[in-house]
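*Asks:* Just dropping this structure here.
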Amino acid sequence: QISDIVRVTTIVDVYAALVEKRAYRLQFTHAKAFSMMEEMGGKLDQQLLQAFRPVRTNMDTATTGDINIPADIAATLVDPVAYADDRIHDSYRWLRANNPLGIAQPEKFDPFWVVTKHAHIQAISRQNDLFHNADRPTTLTNRALEERVRKITGSPNLVRSLVQMDAPDHPKYRALTQGWFMPNNLGKFEGRVREIARATILGVPEADEPRMLKLTQELFGPQDPDTARVRDALSAEQVSVMLQAIIADFSAYYMIVATAGHDTTSSSTAGAIWALARDPVEFAKVKANPDLIPGLVDEAIRWMTPVKHFMRSATADTELGGRKIAKGDWLMLCYASGNRDEEVFEEPDRFRSDRKPNRHVAFGYGA
């Protein structure tokens with residue numbers, strides 16, 4: 001039967017033959033069929049071959065030696081719209097099961113490793129000397145945008161906050177206010193924090209809150225089409241002048257405190273409300289037992305993972321998860337995938353206010 005299949009010369013014939021032979025009963029999946037067609041080389045129309053590539057099922061698996069992530073999944077990783085629905089989690093789920101540490105090569109982007117497992121994210125995050133923040137863009141950036149940023153700033157990043165620093169600068173700057181955020185000290189500010197939360201955010205007048213939101217979205221959403229339209233309409237010189245004006249309002253140090261807390265809090269809060277609205281039983285459970293609220297907060301952060309990823313760059317040749325990573329390689333730490341890792345979280349795709357333990361990596365890992 002297999003010999004009958006390999007004689008066909010078009011994708012339509014291959015697919016029809018697979019259906020006719022009920023090849024799925026032989027575990028002859030789309031991935032295996034595609035691999036066979038690629039081996040046939042010039043016998044197939046390349047445009048049709050590309051058109052067939054996105055056809056994928058959960059049965060498809062990457063072979064042990066296949067480090068390349070399928071083109072359709074790589075495209076999903078760089079599609080902002082995919083993060084607003086379940087498509088990104090469908091892709092993460094496939095990657096964790098089939099290619100948890102592979103290379104994505106989406107159009108217009110430099111190749112990068114995609115790190116989807118909780119343990120691998122932790123391993124990279126704790127090795128600050130081996131995986132740097134600032135050598136390449138800290139957030140996923142296409143080639144054109146990186147080139148433009150380098151022309152403006154002379155570095156791969158638009159700003160230099162704590163997120164874009166490595167040792168020795170990062171620990172020095174971090175130590176400046178680290179003590180303020182220790183649990184005992186935060187407890188002293190609870191009353192004041194509650195008062196501010198009711199009135200303002202970090203003392204920003206209510207009239208300026210829309211501007212704060214806009215600045216936050218532009219800082220953390222460089223690929224967002226809405227913010228990109230404004231940016232692309234400006235010359236490098238105009239962007240440089242605009243950045244100087246922004247920095248006059250926000251020093252790099254204050255910027256990360258203001259924007260990170262603003263964006264993550266709003267996202268987690270909205271996500272918790274949405275999850276409870278979709279699950280009346282869970283909502284009733286929390287209403288009946290307010291002691292669950294601290295756990296709900298942690299679960300909201302895991303569930304939404306407001307910071308979906310950060311990028312790291314390898315400073316030396318190394319190995320992780322059986323893959324050989326070369327010096328200079330770019331890695332995407334998919335925190336939202338790590339927070340749905342089936343090996344760490346029971347019922348990872350369910351919002352549970354009573355989840356214990358909740359070892360999420362929404363805030364990264366290590367120091």
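The values are calculated or read from the model by the stated rules, or taken from the named source; none is laboratory data. Source: prediction; values computed, not measured. Cβ: placed from backbone, ideal geometry, glycine included. Neighbour counts: every protein chain shown. With ligands, DNA and RNA removed, areas are computed over all heavy atoms of the protein, side chains included. Shrake-Rupley method; radii C 1.70, N 1.55, O 1.52, S 1.80 Å.
*Asks:* Taking the residues in segment 328-367 that are of a type in the set (Ser, Thr, Tyr) and closer than 25 Å to MET311 by Cβ as candidates, determine which candidate is nearest to the chain's Cα centre (by Cα). Write out each step before concluding.
*Replies:* Step one: of segment 328-367, the residues of a type in the set (Ser, Thr, Tyr) are 335, 337, 353, 365.
Applying the additional criterion that residues be closer than 25 Å to MET311 by Cβ yields 335, 337, 365.
Numbers: TYR335: 6, SER337: 8, TYR365: 15 Å.
Selected residue: TYR335.
*Asks:* Here's something else I'd like to know. As an exercise: evaluate GLU147 against (1) open to solvent by 40 Å² or more (accessible area, probe 1.4 Å); (2) in contact (Cβ under 8 Å) with a residue 12 or more places away in the chain and give the number of the one condition it does not meet.
*Replies:* (2)
*Asks:* Okay, moving on. Between residues in segment 163-189 that are touching a residue at least 24 places away in the same chain (Cβ under 8 Å) and residues that are among the small types (Gly, Ala, Ser) and surrounded by 11 or more Cβ atoms within 10 Å (Cβ to Cβ), which pairs lie under 6 Å by C-beta distance while being six or more apart or on different chains?
*Replies:* Between residues of segment 163-189 that are touching a residue at least 24 places away in the same chain (Cβ under 8 Å) and residues that are among the small types (Gly, Ala, Ser) and surrounded by 11 or more Cβ atoms within 10 Å (Cβ to Cβ), the close pairs are GLN164/ALA134; ASP166/ALA134.
*Asks:* Go through segment 89-130 and give me each residue that's within 19 Å of TRP303 (Cα to Cα) and among the aliphatic types (A, V, I, L, M).
*Replies:* Within segment 89-130, the first condition is being within 19 Å of TRP303 (Cα to Cα), and the residues that meet it are 89-96, 115-119, 121-122.
Correct list: LEU95, VAL115, ALA119, ILE121.
*Asks:* Turning to a different aspect of this structure: Looking at the structure I just gave you, is ALA134 more than 15 Å from GLY338 (Cα to Cα) and small (Gly, Ala, Ser)? Let's see the steps before the verdict.
*Replies:* Working: more than 15 Å from GLY338 (Cα to Cα): yes; small (Gly, Ala, Ser): yes.
It is true that ALA134 is more than 15 Å from GLY338 (Cα to Cα) and small (Gly, Ala, Ser).
*Asks:* Further question on the same structure: For residues in segment 85-136 being more than 30 Å from TRP274 (Cα to Cα) and of a type in the set (Val, Ile, Thr), which is least open to solvent (accessible area, probe 1.4 Å)?
*Replies:* So the residue we want is ILE124.
*Asks:* For a quick check of your reading: which helices (runs of 4 or more DSSP H) sit entirely within segment 270-346 and have at least 1 residues that are among the polar types (S, T, N, Q) and modelled with pLDDT of 95 or more?
*Replies:* Per the criteria, 335-338.
*Asks:* Could you tell me whether any residue of segment 73-87 is more than 27 Å from THR216 (Cα to Cα) and modelled with pLDDT of 95 or more?
*Replies:* Yes, segment 73-87 has at least one match.
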